[in-house]
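Right, one structure below, let's go through it.
The values are calculated or read from the model by the stated rules, or taken from the named source; none is laboratory data. For clarity, every value in this text was computed on a predicted model and none was experimentally measured. We place every Cβ from the backbone using ideal geometry, glycine too, and count neighbours over all the protein chains shown.
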Amino acid sequence: MSLYDRFEAAFMPNYGVPPVALARGEGCEVWDVDGNRYLDMIGGIAVSSLGHAHPALGEAVSRQVATIAHTSNLFLHEPEVLLAERLLGLLGGQGRVFLANSGTEANECAFKLALKYGKTTGRTYFVAAENAFHGRTMGALSLTGKPSIRDQFGPFPVDVRFVPYGDADALKNAVTDECAAVFLEPTQGEAGVVPPPDGYFRAAREICTAAGALLVADEIQSAIGRTGHWFAHQHEGVLPDILTLAKGLGGGMPIGACVGFGAAGTIFAKGDHGSTFGGNPVSAAAALAVLDTIDGEGLLEHVRAVGSELADGIAAVDHPLLKGVRGRGLWRAIVLTSPRSAQVQAAAQRAGFLVNALQPDAVRLAPPLVITSAQVATFVTALPAILDEASHD
Ligand SMILES: *Cc1c(COP(=O)(O)O)cnc(C)c1O
């Protein structure tokens with residue numbers, strides 16, 4: 001039986017069977033179990049920020065796992081303190097951190113902070129955006145505005161009202177002094193790498209401040225250099241009350257973070273929240289290595305430069321299946337004129353590129369932040385033939 005058949009037989013059917021079995025990686029290249037090589041243009045969904053087998057990550061993780069791998073939250077350790085301080089330093093210094101293992105858990109923390117804030121201030125509902133993705137656990141799922149993954153698991157414990165993403169007037173109308181919190185992605189990721197109109201996030205900040213609601217920025221996909229800034233909210237110069245992080249932070253090791261600014265940092269009292277594995281020393285050491293490497297190798301500037309090359313290169317392709325490209329930095333969607341993203345993903349794979357058919361008409365690119373100009377150029381050069389093949393299947 002092939003690995004694919006064994007996967008199908010052994011796992012729950014929630015993922016379907018993935019099309020490639022990866023064996024190893026190096027930099028931005030990965031090899032499947034049959035020895036085929038691919039350029040990784042999706043980076044494990046914006047996770048593998050340093051690419052694969054980066055020596056800094058390997059050394060940090062190996063050293064930490066060989067020193068002390070786990071303490072639980074009964075005992076503290078230096079890597080978690082260094083990481084929390086480091087994140088706060090990147091965010092201007094004023095805040096408190098909770099470390100979790102994943103994105104959805106970072107959002108559960110934000111959800112509980114907002115629930116507690118609501119209960120103590122008489123605020124009864126939350127606002128989130130249509131098509132938003134905030135995770136799969138029940139709190140995060142209740143905020144997720146995609147009926148196909150949400151509705152069958154309701155009812156949810158909290159009243160969440162959904163507004164069209166990017167519409168500041170709709171947001172304003174939805175947020176009253178009975179709203180506890182507004183959850184927003186600075187650019188919607190799973191919805192198709194959809195940026196809002198300029199000024200939307202700033203408007204959201206003003207609306208929340210005026211109504212006394214917490215603004216929660218879900219930067220699980222958009223942060224840690226993905227857009228060419230440490231955090232996407234920094235593009236608009238807006239500070240949320242609560243920020244959630246995960247994906248790119250650990251460079252492949254599981255870690256999530258929830259940061260509360262100002263009063264939102266001290267909503268929890270002792271005992272209100274916790275996690276056995278959250279912020280474990282190995283993942284914290286990995287995250288420190290990621291942040292050090294982004295800093296040390298000047299990757300933010302690099303992301304802005306190669307991100308523009310990628311977008312300009314795609315935009316310059318003239319093809320009937322190509323409508324355009326959107327997003328920022330190394331976080332892009334190739335937008336198609338017809339719903340053939342699955343065919344594009346398959347054609348790209350045959351041509352030696354891993355991309356993600358995110359929406360029927362949108363293909364996501366989120367390569368490692370270390371991708372080179374030359375690697376970007378090979379993808380751009382291959383794109384017309386990939387689109388041709390995807391048009392004819
Ligand atoms: C991926 C993602 C999540 C969920 O993260 P998991 O680690 O899969 O739980 C939440 N919010 C956004 C914006 C994401 O992109």
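Given the stretch 5-122, what helices (runs of 4 or more DSSP H) lie entirely inside it while holding 1 or more residues that are touching a Gly at 6+ places or on another chain (Cβ under 8 Å), at pLDDT 95 or above and surrounded by fewer than 15 Cβ atoms within 10 Å (Cβ to Cβ)?
103-121
For the stretch 231-276, which positions are within 16 Å of the ligand (Cβ to nearest atom) and either part of a loop (DSSP other than H, G, I, E, B) or basic (K, R) (or both)?
The answer is F231, P240, A246, K247, G252, P254, I255, S275.
Restricting to the stretch 124-141, what's the tally of residues that are farther than 21 Å from A257 by Cβ and away from the ligand (no atom under 13 Å from the Cβ)?
Counting residues in the stretch 124-141 that are farther than 21 Å from A257 by Cβ and away from the ligand (no atom under 13 Å from the Cβ) gives 4.
Taking the residues in the stretch 142-152 that are hydroxyl-bearing (S, T, Y) and either in contact (Cβ under 8 Å) with a residue 12 or more places away in the chain or closer than 13 Å to T244 by Cβ (or both) as candidates, determine which candidate is nearest to the ligand (Cβ to nearest atom).
Of the stretch 142-152, the ones hydroxyl-bearing (S, T, Y) are 142, 144, 148.
Narrowing further to those that are either in contact (Cβ under 8 Å) with a residue 12 or more places away in the chain or closer than 13 Å to T244 by Cβ (or both): 142, 144.
Details: S142: 13, T144: 8 Å.
That would be T144.
Rundown of residues vs (1) among the β-branched types (V, I, T); (2) away from the ligand (no atom under 15 Å from the Cβ), yes/no style:
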position: L99; (1), (2): no, no
position: T104; (1), (2): yes, no
position: F111; (1), (2): no, no
position: K116; (1), (2): no, yes
position: G122; (1), (2): no, yes
position: G154; (1), (2): no, yes
position: D169; (1), (2): no, yes
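Limited to the stretch 167-186, what total is found for residues that are out of contact with any Lys or Arg (no Cβ under 7 Å at 6 or more places or on another chain) and either buried (at least 20 other Cβ atoms within 10 Å of the Cβ) or of a type in the set (S, T, N, Q) (or both)?
10
From the residues in the stretch 319-334 that are more than 22 Å from G51 (Cβ to Cβ) and in contact (Cβ under 8 Å) with a residue 40 or more places away in the chain, which one is surrounded by the fewest Cβ atoms within 10 Å (Cβ to Cβ)?
P320
Please enumerate the residues belonging to the stretch 123-141 that are within 17 Å of A217 (Cβ to Cβ) and buried (at least 21 other Cβ atoms within 10 Å of the Cβ).
F126, V127, A128, A129, A132, F133, H134, G135, G139, A140, listed by residue number.
Check A342, A346, A374 and return the single one that is more than 19 Å from H392 (Cβ to Cβ) and not in a loop (DSSP other than H, G, I, E, B).
A374
In the stretch 182-197, which residues are of a type outside the set (S, T, N, Q) and touching a residue at least 40 places away in the same chain (Cβ under 8 Å)?
Of everything in the stretch 182-197, those that are of a type outside the set (S, T, N, Q) and touching a residue at least 40 places away in the same chain (Cβ under 8 Å) turn out to be V182, F183, L184, E185, P186, G189, E190, A191, G192, V193, V194, P195.
Could you grab me the full set of residues in the stretch 356-376 that are over 19 Å from L300 (Cα atoms) and out of contact with any Pro (no Cβ under 9 Å at 6 or more places or on another chain)?
Within the stretch 356-376, the first condition is being over 19 Å from L300 (Cα atoms), and the residues that meet it are 356-364.
Listed by number, the residues that qualify are N356, A357, L358, A362, V363, R364.
Could you grab me the full set of residues in the stretch 198-230 that are of a type outside the set (A, V, I, L, M) and either without any contact (Cβ under 8 Å) to a residue 40 or more places away in the chain or in a strand (DSSP E or B) (or both)?
Within the stretch 198-230, D198, G199, Y200, F201, R202, R205, E206, C208, T209, D218, E219 qualify.
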